[in-house]
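The values are calculated or read from the model by the stated rules, or taken from the named source; none is laboratory data. Quick caveat: nothing in here was measured; it's all calculated off a predicted structure. Neighbour counts are summed over all protein chains in view; Cβ atoms, including those assigned to glycine, are modelled from backbone coordinates with ideal geometry. The protein model used for the area step is the full one, side chains on, heavy atoms only, and it has no ligands, DNA or RNA in it. Shrake-Rupley method; radii C 1.70, N 1.55, O 1.52, S 1.80 Å.
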Amino acid sequence: MRIKCVFPDEMIRQPIIHELGTRFSIVTSIQQAEITPELGWVILDITGELPELTSGIEWLKKIGVKIEFIEKEE
């Protein structure tokens, strides 16, 4: 699955991607990213069991990360 995560400025320095991989059984691979003082975004390939992926994405949304699906698993 490939997603784009957009982080608000107050979250840019937090280890969100690392925490995603430790909280959930998800392997992350950064494909592209851009970080400025005002905004940060990253395109991630994420792999794992579908329930873990779903839970991880819901957690990201809950903490304020905007998610866009680029490639979604069926």
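Before moving on, here are some points about what is shown:
- Cβ charges +1 (Lys, Arg) and -1 (Asp, Glu), total dipole of the chain, debye: 140
- Debye log10 I(q)/I(0) at q = 0.13, 0.20, 0.23, 0.27 Å⁻¹ for segment 27-74, Cα point scatterers: -0.33, -0.76, -0.98, -1.25
- Crossing angle, helix 50-62 versus the chain [Cα axis fit, 0-90 degrees, rounded to tens]: 20
- Ligands, DNA and RNA left out, the accessible area of segment 2-74 computed with a 1.4 Å probe is 50% carbon and sulfur.
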